[in-house]
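**Q** A single structure is presented below for examination.
The values are calculated or read from the model by the stated rules, or taken from the named source; none is laboratory data. Treat the numbers as computed from the prediction; the structure is a model and nothing was measured. Don't worry about glycine lacking a Cβ; one is built from the backbone with ideal geometry, like all the others, and counts go over all protein chains shown.
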Amino acid sequence: MRFSQIHARSLPEGGVLSPKEFLHLESRAAVDQVFTRLVEAGKLLRVARGTYVAPVSSRFGTRPPAPEKVIKALAA
């Protein structure tokens, strides 16, 4: 299920992903497994239970998104 990884790349900084968004594609167990593997690979960061963000990549490496951007995305 590479769609979640592709979707994560298209998000703006601080954009939030949830496994619930992908339940129409696979079973809950399969979706959770994909998110767990993406976190272990460093492609996603777990912010809270069921809430993930994509790390920001730059020439200096990767970093988490700015907290205010994540909060703004959660509030929306």
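**Q** So A30 clears everything in (1) modelled with pLDDT under 90; (2) out of contact with any Lys or Arg (no Cβ under 9 Å at 6 or more places or on another chain) except one condition, right? Which one?
**A** Single failed check for A30: (1).
**Q** With the condition kept exactly as written, say whether any residue in the range 41-63 is over 12 Å from the mean Cα position of the chain (by Cα), part of a helix (DSSP H, G or I), at negative phi and not aliphatic (A, V, I, L, M).
**A** No, the conditions are met nowhere in the range 41-63.
**Q** Which condition number in (1) out of contact with any strand residue (DSSP E or B) (no Cβ under 7 Å at 6 or more places or on another chain); (2) modelled with pLDDT of 90 or more; (3) closer than 14 Å to P64 by Cα is the one that V53 fails?
**A** Every listed condition holds for V53 apart from (1).
**Q** While we're looking at this one, here's another question. Restricting attention to the range 38-71, report how many residues are loosely packed, with under 14 Cβ neighbours inside 10 Å and either in contact with a Leu (Cβ under 8 Å, 6 or more places away or on another chain) or not β-branched (V, I, T) (or both).
**A** 17
**Q** Return the residues of the range 1-20 that are out of contact with any helix residue (DSSP H, G or I) (no Cβ under 7 Å at 6 or more places or on another chain), under 18 Å from A76 (Cβ atoms) and either at pLDDT below 90 or not in a helix (DSSP H, G or I) (or both); say none if nothing qualifies.
**A** H7, A8, S10, L11, P12, S18
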